[in-house]
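Asks: For reference, the structure I am asking about is given below.
The values are calculated or read from the model by the stated rules, or taken from the named source; none is laboratory data. Source: prediction; values computed, not measured. All Cβ positions, glycine included, derive from the backbone under ideal geometry; neighbour counts span all protein chains shown.
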Amino acid sequence: MPTRVVLVDDHVMVREGMRALLEREGFAVVGEASNGMQAVQLAKELRPEVVILDVRMPILNGLDAGRTIHETLPTAKLILLTMHTDEQYVLEGLRSGIRGFVLKTQAAVDLVRAIRDVQAGAVYLGQGTGNAVVEAYLSGATEPTDPLTPRERQVLQLVAEGRTTKEIARLLGVGFKTAESHRTNLMGKLSIHDTAGLVRYAIRKGVVQL
């Protein structure tokens, strides 16, 4: 049986290119998503062996989507497509269940190698991320605790994307007051009292990109 893969990227042409590559290598692409929220739903429905996530996506970014998928489907191997090689960023990904990091500047063959490595139980690090990152992860190197819940992180991303409270409520499938409460709670936790401050925080933490 071929390995079942879900592709997640908000660019159709990128997904088409990855699908062609992976199917040529004998993998079965069973689903595609254009944002992290769709990815979480597809993973629950299709239960793939591998999920390939772009880090920069609307509504729910790849790192947070990966964290949620890992919690609900721990057997799935998660690979992140990224431009980042920052050590703390990769450490957060490892702690969130990501096991492959493929830089977008790498050749397509590296994605195939990453899939095979993570399926074999290894961690695949793209060029620019060294053994020191894995050693820090295995040694339990500490990092600042994120004070936000997964839902609050999602609200943070939506706020930083310029979504109104009404839009956030619709996207999350909750009432207006609930969405407003999430926004108020995360501002209180962060001691940030305006939208501009939330946007700066989201960029600094890698929740959204410039």
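Asks: Consider residue 203 against the criteria (1) farther than 21 Å from residue 38 by Cα; (2) in contact (Cβ under 8 Å) with a residue 24 or more places away in the chain; (3) surrounded by 15 or more Cβ atoms within 10 Å (Cβ to Cβ): it satisfies all of them except one. Which criterion is unmet?
Replies: (3)
Asks: In this structure, does residue 29 turn out to be modelled with pLDDT of 95 or more, over 9 Å from the mean Cα position of the chain (by Cα), in a helix (DSSP H, G or I) and β-branched (Val, Ile, Thr)?
Replies: It is false that residue 29 is modelled with pLDDT of 95 or more, over 9 Å from the mean Cα position of the chain (by Cα), in a helix (DSSP H, G or I) and β-branched (Val, Ile, Thr).
Asks: Counting only residues that are of a type in the set (D, E, K, R), within 17 Å of residue 114 (Cα to Cα) and within 21 Å of the chain's Cα centre (by Cα), how many does region 16-26 have?
Replies: Going through region 16-26 one residue at a time, the tally reaches 1.
Asks: Continuing with this model, one more query. Return yes or no: is residue 196 in a helix (DSSP H, G or I), surrounded by 13 or more Cβ atoms within 10 Å (Cβ to Cβ) and small (Gly, Ala, Ser)?
Replies: It is false that residue 196 is in a helix (DSSP H, G or I), surrounded by 13 or more Cβ atoms within 10 Å (Cβ to Cβ) and small (Gly, Ala, Ser).
Asks: Same structure again: Any residue in region 60-75 that is in the same structural domain as residue 93 (by TED's automatic domain parsing) sitting within a Cβ distance under 8 Å of a residue that is of a type in the set (D, E, K, R) and assigned to a helix (DSSP H, G or I)? List the pairs, counting only those 6 or more apart or interchain.
Replies: 63/92; 64/153; 72/44; 73/44
Asks: Now for a separate question. Which of the residues spanning region 98-123 are touching a Lys or Arg at 6+ places or on another chain (Cβ under 8 Å) and surrounded by 18 or more Cβ atoms within 10 Å (Cβ to Cβ)?
Replies: 99, 100, 115, 118, 123
Asks: Separate question: How many of the residues in region 1-26 are part of a loop (DSSP other than H, G, I, E, B) and under 24 Å from residue 94 (Cα atoms)?
Replies: 3
Asks: Continuing with the same structure: Please work out which residue is nearest to residue 165 (Cα to Cα), limiting yourself to region 50-85 and to residues that are in a helix (DSSP H, G or I) and either touching a His at 6+ places or on another chain (Cβ under 9 Å) or among the charged types (D, E, K, R) (or both).
Replies: Among those residues, the one meeting the criterion is 64.
Asks: Residue check, residue 24 against (1) in contact with an Asp or Glu (Cβ under 6 Å, 6 or more places away or on another chain); (2) free of Cβ contacts under 8 Å to residues at least 12 places away in the same chain, all met but one. Which one?
Replies: (1)
Asks: Can you name the number of the only condition in (1) at pLDDT 90 or above; (2) under 22 Å from the mean Cα position of the chain (by Cα); (3) under 25 Å from residue 93 (Cα atoms) that residue 167 fails?
Replies: It fails just one condition, (3).
Asks: On the given criteria, is residue 126 in the same structural domain as residue 17 (by TED's automatic domain parsing), at pLDDT below 90 and either more than 26 Å from residue 50 (Cα to Cα) or surrounded by 17 or more Cβ atoms within 10 Å (Cβ to Cβ) (or both)?
Replies: The answer is yes for residue 126.
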